[in-house]
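J.: Submitted below is the structure of interest, expressed as structure tokens.
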Amino acid sequence: DVAYYNKDNATEEELLRRQGYKRQNESESHNASFRADYYKPLGRGNRLEMGIKSKISYSDRDYNSLLFNQATNEYTNNPYESNRFKYTENINSFYASLTNKYFDKKLSVRLGLRMEQTNTKGEQVNNGEINTLHYFNVFPNVRLGYKFSDDKELGLNYSYRLRRPWSSQ
């Protein structure tokens, strides 16, 4: 908020004009998740790992930009800079991996698979626009390792990953 007067140390009655913005950001978010893992040794350094995870996130972000109106001497909503966005995301996933060691435990192989089902809903409250997405992804991963000695090992990894934006993005 900026006030313009016709001289220094002027009183409020000597105010020429006032100009400015007020910005307010109200935000609410909630997260809940569930996870269960299973691990089974299969003997001789081999093992099976499996698990499930479910996560749900909700955020409600209300951005208000108020512009000073000289005619009314009040702040009014600036619709070009104000917005309210509600976002819900639910991710359900299952993973499994099998690790196996061969040749006196020198060669190790790990094969894994992660499957995700994602549901999102974004709502622009100001214009009533609603966008939903439902998709399923499969993420394979492979790790090969060879141990030459106690302090020398060679590894080769492949994994497919997904990066999601933060909720504020």
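The values are calculated or read from the model by the stated rules, or taken from the named source; none is laboratory data. Values in this document were obtained by computation on a predicted structure and should not be read as measured data. Reconstructed Cβ throughout: ideal geometry from the backbone, glycine too, with neighbour counts over all protein chains shown. Quick note on the areas: whole protein, heavy atoms, side chains included, nothing else; ligands and nucleic acids left out. Shrake-Rupley method; radii C 1.70, N 1.55, O 1.52, S 1.80 Å.
J.: Against the globular-protein guess of 2.2 N^0.38 Å, express the Cα radius of gyration of region 61-169 as a ratio, rounded to two decimals. All intermediate terms of the calculation are to be shown ahead of the outcome.
T.: Working: Rg = 25.5 Å, N = 109, 2.2 N^0.38 = 13.1 Å.
The value comes to 1.95.
J.: One-quarter of the Cα convex hull surface for region 67-114, in nm²?
T.: Numbers: hull surface 29.4 nm².
So the Cα hull casts an average projection of 7.4 nm².
J.: Next up: Could you do me a favour and compute the accessible area per residue for region 65-132, 1.4 Å probe, result in Å²? Each step should come with its number before you reach the end.
T.: Values: 4220 Å² over 68 residues.
So region 65-132 comes to 62 Å² accessible per residue, rounded to a whole number.
J.: Could you look at region 56-121 and say what percent of its accessible area is carbon and sulfur, using a 1.4 Å probe and all protein chains?
T.: Details: 2130 of 3870 Å².
Roughly 55 percent, rounded to a whole number.
J.: Counting Lys and Arg as +1 and Asp and Glu as -1, what is the net charge of the other residues whose Cβ lies under 9 Å from the Cβ of Arg44? Write out the running numbers ahead of the final one.
T.: Values: positive: Lys101, Lys105; negative: none.
After counting each charged neighbour, the total is +2.
J.: Just to check I understand the Karplus step: with θ = phi - 60° and J = 6.51 cos²θ - 1.76 cosθ + 1.60, what whole-Hz values come out for region 84-97, glycine and proline as x?
T.: Each residue of region 84-97 in turn: 10, 10, 10, 9, 10, 9, 10, 10, 10, 9, 9, 9, 8, 8 Hz.
J.: While we're looking at this one, here's another question. Would you mind computing, in nm to one decimal, how far apart the modelled labels at Arg35 and Ser54 are, each placed 7 Å from Cα along Cα→Cβ?
T.: 1.7
J.: Between Arg84 and residues 5 or more places away or on another chain, which pairs have amide H atoms under 5 Å apart, with H built 1.01 Å from N, and which residues are they?
T.: Tyr63, Val125, Asn126
J.: Can you run phi through the Karplus equation (6.51, -1.76, 1.60; θ = phi - 60°) for region 108-122 and list ³J(HN,Hα) in whole Hz, with x for Gly and Pro?
T.: 10, 10, 10, 10, x, 8, 10, 10, 10, 10, 10, 10, 10, 9, x
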